[in-house]
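Encoded as structure tokens, the structure appears first; notes follow it.
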Amino acid sequence: MNFIDLFAGAGGLSEGFIRQGFEPIAHIEMDRYASLTLKTRAAFHYLKEHEKLEIYHAYLRGEIDQSKLYSEVDAKVLNTIMNMEISDSTIEEIFRTIDDNLKEKGISSIDVLIGGPPCQAYSLVGRARDPYKKENDPRNYLYQQYVKFLEKYEPKLFLFENVPGILTAGKGHLFEDVKRIMDESGYSIEAKVLDASSFGVLQKRKRVILVGWKKGINLFYPEFNEISHNFLVNDLLSDLPVLNPGETKDYHYHSSPNQYLMDFGIRDENDILVQHISRSHNSRDREIYKSAIKKWNTEKKRLKYTDVPEGERTHKNVTSFLDRFKVVAGDIGYSHTMVAHIAKDGHYYIHPDINQLRSLSVREAARIQSFPDNFYFEGPRTAVFTQIGNAVPPLMAENIAKEISLLLQGKLPRQIELTI
């Protein structure tokens, strides 16, 4: 089975479908660095399939450059990644490229369309800061571009992912419009709010997952079974070297992979540690970090900004966003939600070890999003954090893709469905 990924980002959603045997026909992503991340991941999958992972490892160790890595990969594989904005002015060119890819592969139809338009416009936090509630944000209407792909390629099934804020944007009218035009395009649809923590991801992360299928086809919204376990966030972090602010420690782990890392595909014995990079922090922020960690460790309470001594505060606002300094609690089974704001500063993602007094490294943030250690992100640190914060956790995506694969093969019994 095959798929097209729209608004692909770093490829978290795509990663899950590839793991379940789906073949990518196209990834469309407007951000340059995210597109390069997609290319590098495509190189990984190609080299793994052809038993040439030593080339990929050489790239991770800095022994070969990006152009050399890409030269070892079939051009048809890299051509599936399109660094383009999806708009009225580009869509015909995108269609032509996809058609060429289909022709070259000898494929006559698309099985699945996946993706979610940029979600900042639907963010509840974003709307809280905007007196116009984001209702005039052009990103609110990118779903109309998504529907053009439905009408052009008529996939058997599609998956539309977004933040829960889409349900209430424009007093609910926006989501009603989304469902209406998808219905008019010939699809039965159903949407649910799913939490990544139900899929083995050590993070509370709620997302709207809308699934649509062509009318007349005997499909339905699959039932997803919750994965139960007793692992803690510390299980994600314990094998990584201790870092001081501003340090990088790549290539060598502190210890062997534990059961969580192996069972959930985060790390194996052959992996090379990369992008274990910490940002720098000033002494004032580190003192606040220490207070936040102590408060959690001793009282299991979060530091409020009003708890910070007045002389150490950098913001005058003490009535809202009081949780701007937040520890990633290592002693419970999930982190709070990872968002793209981590690219701006690390105050909301403080490492739980009081001996390190820093925010999460790039690799630690990627792990909280369930990206495996062999997943390399291209671009400067800020761009990489943005890619990670915006991504669909691959573990969540893989479990959804598994059920969709079984559904399309007619191997799923129909169950009682609950709609939002």
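The table that follows gives values for the structure above.
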{"quantity": "Charge context of K304, other residues only, Cβ under 15 angstrom, K/R +1, D/E -1", "calculated": "+3"}
{"quantity": "Cα-only Debye scattering, the range 312-420: base-10 log of I(q)/I(0) at q = 0.10, 0.21 Å⁻¹", "calculated": "-0.43, -1.15"}
{"quantity": "For peptides 219-229, 5-15, sequence by mean Cβ density within 10 Å, most packed first", "calculated": "5-15, 219-229"}
{"quantity": "For the range 171-212: rounded, prolate or oblate by the Cα gyration tensor [a/c cutoff 1.5]", "calculated": "oblate"}
{"quantity": "Neighbour-count order for E378, E312, fewest beta carbons within 10 angstrom listed first", "calculated": "E312, E378"}
{"quantity": "Entries of K105/K206; K52/K152; K105/K192; K76/K215; K148/K206; K52/K156 with Cα pairs more than 30 Å apart", "calculated": "K105/K206; K52/K152; K105/K192; K76/K215; K52/K156"}
{"quantity": "Local electrostatic count at N374 - Lys and Arg +1, Asp and Glu -1, tallied over other residues with Cβ under 10 Å", "calculated": "0"}
{"quantity": "Charged-residue dipole, Cβ positions (Lys, Arg, Asp, Glu), the chain about Cα centre, Debye nearest 20", "calculated": "1380"}
{"quantity": "Orientation-averaged projected area, Cα convex hull of the range 149-234 (nm²)", "calculated": "7.0"}
{"quantity": "Charge dipole (debye, nearest 20) of the range 353-412; +1 at Cβ of Lys and Arg, -1 at Cβ of Asp and Glu", "calculated": "20"}
{"quantity": "Degrees between helix 381-390 axis and first principal axis of the chain (Cα, 0 to 90, nearest 10)", "calculated": "60"}
{"quantity": "Furthest towards positive pole of dipole, L60, I25, S188, structure part the chain, Cβ charges", "calculated": "S188"}
{"quantity": "Mean separation of Cα contacts under 8 Å, 6 or more apart, over the residue count of the chain: relative contact order %", "calculated": "19"}
{"quantity": "Packing rank of 159-170, 174-185, where each peptide gets the mean count of other beta carbons within 10 Å, highest leading", "calculated": "159-170, 174-185"}
{"quantity": "Positive-pole candidate from I293, Y46, L167, dipole of the chain, charges at beta carbon", "calculated": "I293"}
{"quantity": "Calculated volume of the Cα convex hull per residue in Å³ (choose from (i) 176; (ii) 151; (iii) 199), label", "calculated": "(ii)"}
{"quantity": "Angle in degrees between helix 32-49 and the longest Cα principal axis of the chain, rounded to the nearest 10", "calculated": "70"}
{"quantity": "Phi to ³J(HN,Hα) by Karplus 6.51 cos²θ - 1.76 cosθ + 1.60 over the range 278-294, Hz, x for Gly, Pro", "calculated": "10, 7, 7, 9, 7, 5, 4, 5, 5, 5, 5, 4, 4, 5, 5, 5, 4"}
{"quantity": "N258/E85 FRET efficiency (R0 41 Å; Cβ-Cβ; nearest 0.05)", "calculated": "0.45"}
{"quantity": "Share of Cα-Cα pairs in the range 233-310 lying beyond 20 Å, as whole percent", "calculated": "50"}
{"quantity": "Estimated [θ] at 222 nm from DSSP helical runs (n ≥ 4, -39500 (n - 2.57)) normalised by residues in the chain, nearest 500", "calculated": "-10000 deg cm²/dmol"}
{"quantity": "In degrees, nearest ten, helix 173-184 long axis to first principal axis of the chain (Cα)", "calculated": "30"}
{"quantity": "Cα-centred dipole magnitude for the range 1-100, charges only on beta-carbon of K, R (+1) and D, E (-1), debye, nearest 20", "calculated": "380"}
{"quantity": "Per-peptide average of other Cβ atoms within 10 Å, ordering 55-66, 203-214 highest first", "calculated": "203-214, 55-66"}
{"quantity": "Lys/Arg +1, Asp/Glu -1 at C-beta; the chain dipole; positive extreme among S335, T248, N218", "calculated": "S335"}
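Each value in this text was obtained by applying a stated rule to the coordinates, not by laboratory testing. Predicted model only: the values in this text are computed from it and were never measured. Ideal geometry is used to build each Cβ from the backbone, glycine not excepted, and the neighbour counts take in all protein chains shown.
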